[in-house]
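One structure is given below, encoded as structure tokens.
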Amino acid sequence: MMIKGSISRRVREAVEKYRAGRRREAVLQLIYLLSDEEERVRLEAIDALGEIGDADTVVELSKLIGDKNSEVRVRVAHALGKIGSVTAMNPLEKLLDDENGDVRFAALKSIVRISGGSSLDALIKALGDEDERVRVAAMEALAKVASRYPDKVVELLRSENWKVRAGAARVLGEVCETRAKDELIMLLDDWDWRVRREAAEALGKIGGEEVIPYLSRMMQEKDAEVRVGIVKALSSIGSPRAREILEEALNDEDARVRLWAASALGSMGSEEAEGALIKSLSDDDMQVKLTALRALARAGGVRAVKAIEPLRLHPDESIRKEAERAIKMIALKHNMTVDEILRKARGA
């Protein structure tokens, strides 16, 4: 049993009994300490029972899920997860309704630990949680089992809760569930921008060339975060038509969209985007300029070096360093030294 740090005398006595093989005596002493007046003792007793892992202690630990101290409830959730008994599922599922996000997060992690993610109802409930940590944990767990319940997960796209719709869209994108394509296309018109963004990114992962017209239309979307999602989707598709739309996105009014478009074009590594990225070197936003330099390091050629060279004298140090790095990367890609590619660029 691993008990870290210093512990109170009475809990230490119980732990020593356990280590001496007096398991039952140790467990009974720790159960008694669950009602101790000293908060530290109660917390340590909970932790110790979790480490011992005796399924018979689930009932006693479960009595604390309504404790007024949220830290007690968090520790109980962790302890029940370590015990790993299916009898702990009921109290853990009750903790998903706790008012405290830390408690709900701990409860969900333990539910996943015990069930292996097969507790679908609990995962669906957690998808709609107010706490983003809980929602993300639910998405990660659901993505691992979504292939076993594809129809059920697709059905979640029609939930009345926007958080559930957005979470389901992300999960379906992660597992590349092609049967969700039509439903995801419909969600591009969802009333909530977060759902539209997740639907767009999911379509980029599973939709292929045929969804580009829908994504292209959405580049007129008023919410910049949705346009960022569309840019990410087009990057996933990576076709010539997707590249063209990404080049157009370099002129977007929002710097975040321009930044992601430049990054996407760099990731695609096509020198056909070189001209558009060179224009982005003049962007007013410093982060866009830096991203364009990084993109040209991957997708640029001699023409890019000619445009980058003046930035070696830029007043901002980060721009100067990134310009030097980009030229070195392009030179390496063309099997040339920096001096050689600079001479060639100057003569171009």
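Give Ala262, Ala326, Ala331 a once-over and let me know the one that is of a type in the set (Gly, Ala, Ser) and within 20 Å of Ser239 (Cβ to Cβ).
Exactly one residue qualifies, and that residue is Ala262.
Checking the conditions here, which among Arg312, Arg258 is of a type in the set (Lys, Arg) and more than 24 Å from Asp223 (Cβ to Cβ)?
Arg312
Considering (1) among the charged types (D, E, K, R); (2) within 19 Å of Ala261 (Cβ to Cβ); (3) surrounded by 15 or more Cβ atoms within 10 Å (Cβ to Cβ), say which one Arg303 fails and leave the rest.
(2)
Does region 130-150 include one or more residues that are at pLDDT below 95, outside any loop (DSSP other than H, G, I, E, B), farther than 25 Å from Val72 by Cα and polar (S, T, N, Q)?
There is at least one residue in region 130-150 that is at pLDDT below 95, outside any loop (DSSP other than H, G, I, E, B), farther than 25 Å from Val72 by Cα and polar (S, T, N, Q).
From Glu210, Glu253, grab the single residue that is in a helix (DSSP H, G or I), surrounded by fewer than 23 Cβ atoms within 10 Å (Cβ to Cβ) and not polar (S, T, N, Q).
On inspection, the qualifying residue turns out to be Glu210.
Can you report the number of residues in region 177-189 which are buried (at least 20 other Cβ atoms within 10 Å of the Cβ) and either in contact with a Cys (Cβ under 9 Å, 6 or more places away or on another chain) or not in a helix (DSSP H, G or I) (or both)?
Of the residues in region 177-189, 2 are buried (at least 20 other Cβ atoms within 10 Å of the Cβ) and either in contact with a Cys (Cβ under 9 Å, 6 or more places away or on another chain) or not in a helix (DSSP H, G or I) (or both).
Within region 186-197, is there a residue that is touching a Gly at 6+ places or on another chain (Cβ under 6 Å) and farther than 26 Å from Ala297 by Cα?
Within region 186-197 (the criterion being touching a Gly at 6+ places or on another chain (Cβ under 6 Å) and farther than 26 Å from Ala297 by Cα), the answer is yes, since at least one residue qualifies.
So the check is Cβ under 6 Å with 6+ separation or different chains; which pairs have a first residue in region 190-218 that's closer than 20 Å to Ala249 by Cβ and a second one that's buried (at least 16 other Cβ atoms within 10 Å of the Cβ) and of a type in the set (D, E, K, R)?
Arg196/Asp190; Glu198/Arg170; Glu201/Lys232; Gly207/Lys181
Please list, ordered by residue number, the helices (runs of 4 or more DSSP H) wholly in region 58-119 having 1 or more residues that are among the small types (Gly, Ala, Ser).
It comes to 58-62, 70-83, 101-115.
The values are calculated or read from the model by the stated rules, or taken from the named source; none is laboratory data. Predicted model, so just to flag it, every value in this text is computed and none were measured. Cβ atoms come from the backbone with ideal geometry, glycine included; neighbour counts cover every protein chain shown.
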